[in-house]
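The values are calculated or read from the model by the stated rules, or taken from the named source; none is laboratory data. Being a predicted model, the structure only gives us computed values, none of them experimental. Cβ placement follows ideal geometry from the backbone for every residue including glycine, while neighbour counts extend to all protein chains displayed. Surface areas here come from the heavy atoms of the whole protein model, side chains and all, with no ligands, DNA or RNA. Shrake-Rupley method; radii C 1.70, N 1.55, O 1.52, S 1.80 Å.
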Amino acid sequence: KWDGNMTLSSNKILNFTEEGVDVYDAQGTWTGTQNNYLGTTDIAYSPNIISNSIFTFDYKNFECGFQSNYVSKQYIDNTSDNSRAINAYFVNNLSLQYSLKMKQMKSIDFRVLVNNLFNEQYETNGYTWYSYYQGGQRVNDLRYFPQAGTNFLASVTLKF
């Protein structure tokens with residue numbers, strides 16, 4: 001069985017002005033603030049593409065699932081500045097389940113999940129701690145939330 005979904009969207013701000021960006025001279029002395037008219041920009045945390053695919057194989061009491069998730073590039077603020085963005089990522093997960101039928105209960109289900117199967121290095125969120133100009137150059141102090149590498153989860157479920 002193959003299940004999937006996809007979202008395609010374009011979320012924009014019209015006539016956006018970034019306001020009150022601090023400006024420092026080359027020696028680090030604050031000289032004021034600057035507004036930047038940027039026109040039409042992307043709304044923060046709004047990727048244009050989100051897609052998921054799940055292949056599932058069932059045989060008797062065994063089930064195997066392969067899940068793929070893709071999220072396109074997204075910006076961490078409303079400026080659409082590539083230096084303040086979360087890169088696109090593509091992550092795959094594998095699930096294996098076996099259901100053992102019992103006389104005393106409905107079943108005992110054994111399940112193993114392998115998340116981030118190919119050990120992709122990616123972030124799903126981030127923010128700009130502080131962004132300013134110093135000596136005419138834009139400085140971005142960014143923070144990201146990296147996700148776990150390959151990880152495992154096992155479970156046993158008793159069904160009565």
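General observations
- Were the residues from residue 82 through residue 10 laid out at 0.36 nm apart, the gain over their Cα-Cα distance would be 24.3 nm.
- Radius 14 Å from Cβ of residue 32, net charge of other residues (Lys, Arg +1; Asp, Glu -1): -3
- Accessible carbon and sulfur surface of the chain relative to its total accessible area, %, 1.4 Å: 54
- Alpha carbon convex hull of the stretch 12-160, volume per residue in cubic angstrom: 143
- For the chain, lysine pairs with C-alpha atoms less than 24 angstrom apart, excluding pairs fewer than eight positions apart on the same chain, total 10.
- In this label model, residue 66 and residue 141 are separated by 4.6 nm, measuring between points 7 Å along each Cα→Cβ vector.
- When the trypsin sites (Lys or Arg not before Pro) in the stretch 1-99 are filtered for DSSP coil states and for at most 13 other beta-carbon atoms within 10 Å of their beta-carbon, the remaining sites are 1, 60.
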